[in-house]
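One structure is given here, and the rest of the page talks about it.
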Amino acid sequence: MGSVIAGTGMYVPDNVVTNHDLARIMDTSDEWITTRTGVKERRFADRGVGASDLAIEASHRALDAAGVGPSEVDVVVTATMTPDYMAPGIAGLVQEGLGLGHIAAFDLRQQCSGFLYGLDLADSLLTSARGEVALVVGAEVHAGFQPWSEASWQAVLGDGGSEIPREDYERNSRYRSWSVIFGDGAGAMVLRKSDNDVEGVLASSLHTDGASFELIMVPGVGSKSRPYVSSEQIEADTHLPVMDGGGLYRRAVRLMPEAARAVATKAGISLEDIDLIVAHQANDRITEGVRRQFKMDPQKVPSNIGGYGNTTAGTLPILFHELREAGRVNPGSLICFAAFGAGAHYGALLYREPESP
Ligand code: UT7
């Protein structure tokens with residue numbers, strides 16, 4: 001018994017920021033970002049817009065696509081590393097914003113693997129008779145993490161005419177290795193319980209390598225600090241992410257395929273039977289590494305990082321939604337979702353698209 005994806009939706013903010021825009025506010029170039037990451041442009045939300053706002057938009061679209069009304073949803077699972085507030089998380093905001101009534105609502109903090117964990121949790125809840133319909137949504141507003149001044153934001157979002165102060169340019173350049181990768185966006189799926197055990201979610205293999213948590217993290221702003229946030233932390237920039245890009249790359253190209261092999265073995269299927277690997281989009285070089293590991297037709301491991309950058313928990317549902325819309329997910333298609341990211345959480349989940357809707 002697995003759950004089937006009854007509808008998908010995505011939402012990205014209107015503001016497009018190209019690599020050329022970024023090159024106006026830091027020492028970088030379209031050529032460097034394109035060849036090292038595959039990102040060409042990303043979206044950023046307006047000031048005052050949080051992850052819950054994007055999540056609600058994406059969820060409306062997924063519910064419409066599924067033909068499911070708010071009163072039919074039994075549980076909502078939200079995944080984000082950029083919640084609107086330090087506490088509480090966004091699940092309640094999404095529940096209220098969609099008018100779902102007082103149903104159970106979970107927040108997950110698994111970063112790039114957040115949606116994958118959410119899908120597995122929602123499937124487990126449905127298959128253990130906790131409800132018939134679940135909404136799973138991944139959403140990020142990384143704009144808040146960008147170390148950019150108001151002048152820098154105006155330069156990237158405005159008409160391109162404004163110059164930024166020299167010290168802003170130097171500061172932005174110090175954080176260029178991670179700031180060019182990320183973008184904002186949300187994706188949602190409506191899951192429906194199914195009694196058919198050869199379709200829907202077939203198996204999952206989820207893992208955590210807690211010893212690698214320092215590879216990408218925000219070291220300040222937390223309960224180890226007194227107070228948990230202070231002007232000293234802000235001055236020391238400990239509220240910004242620190243990232244060991246090389247360390248992440250090496251683990252991602254090894255552990256995503258490892259998890260995909262494990263889930264295939266668990267489900268008793270051969271890797272050759274997989275039609276699509278919907279892999280987390282952190283860097284096109286990682287996606288290329290995954291393709292090399294499987295010696296697969298590159299078309300089977302698609303990429304959409306060029307248009308959005310790394311949208312963390314938003315990535316898997318956005319990519320899957322786009323593939324479905326493009327007619328790449330057909331009745332009976334076998335899909336492997338795979339992700340790796342901060343925590344370090346990683347894993348894979350196998351899904352068979354139903355033969356009939
Ligand atoms: O989703 C969360 C998980 N995140 C990931 O999985 C990210 C995985 N890793 C990566 O995507 C890559 O490691 C990065 C794209 C982040 C960085 O690529 P890299 O090839 O590992 O770059 P690096 O940080 O080792 O830097 C190489 C060079 C340095 O210059 P020097 O010292 O060799 O002269 C950097 O200063 O590239 C320079 N550099 C840049 N140059 C222009 C770093 N970032 C930039 C930039 N523009 N944006």
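No value in this document is a laboratory result; all are computed from the given coordinates. All figures in this text were calculated on a predicted structure; none of them were measured in a lab. All Cβ positions, even for glycine, are placed from backbone atoms using ideal geometry, and neighbour counts span all protein chains on display.
Key figures for this structure:
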quantity: THR82 long-range amide H proximity, modeled H, under 5 Å; calculated: VAL141
quantity: DSSP H segments from the chain that extend 20 Å or more along their own axis, Cα-based, with Kyte-Doolittle mean of -0.5 or above; calculated: 51-66, 245-267
quantity: Burial ordering of VAL4, VAL221, fewest other beta-carbon atoms within 10 Å first; calculated: VAL221, VAL4
quantity: The range 57-140: radius of gyration over Cα atoms, expressed as a fraction of 2.2 N^0.38 Å; calculated: 1.00
quantity: Kirkwood Rh and Cα Rg combined as Rg over Rh, evaluated for the chain; calculated: 0.96
quantity: Sorted by Cβ neighbour density within 10 Å, fewest at the top, the residues ARG171, ARG250; calculated: ARG250, ARG171
quantity: Whole-number Å³ per residue for the convex hull built on Cα positions in the range 200-352; calculated: 126
quantity: Nonlocal Lys pairs with alpha-carbon distance under 25 Å, the chain (8 or more apart, or different chains); calculated: 4
quantity: Gain on full stretching of the segment that runs from SER177 to SER270 - 0.36 nm per residue minus C-alpha separation; calculated: 29.7 nm
quantity: Those residues of the range 268-287 whose amide nitrogen sits under 15 Å from the label point placed on THR35, 7 Å along Cα→Cβ; calculated: 285
quantity: log₁₀ of I(q)/I(0) at q = 0.27 Å⁻¹ - the range 98-172, Debye sum with one point per alpha carbon; calculated: -1.25
quantity: Translational D in µm²/s for the range 2-194 (Stokes-Einstein at 4 °C, 1.567 mPa s, Kirkwood Rh from C-alpha pairs); calculated: 73
quantity: Distance (nanometres) between label positions extended 7 Å along Cα→Cβ at HIS20 and GLU96; calculated: 4.3
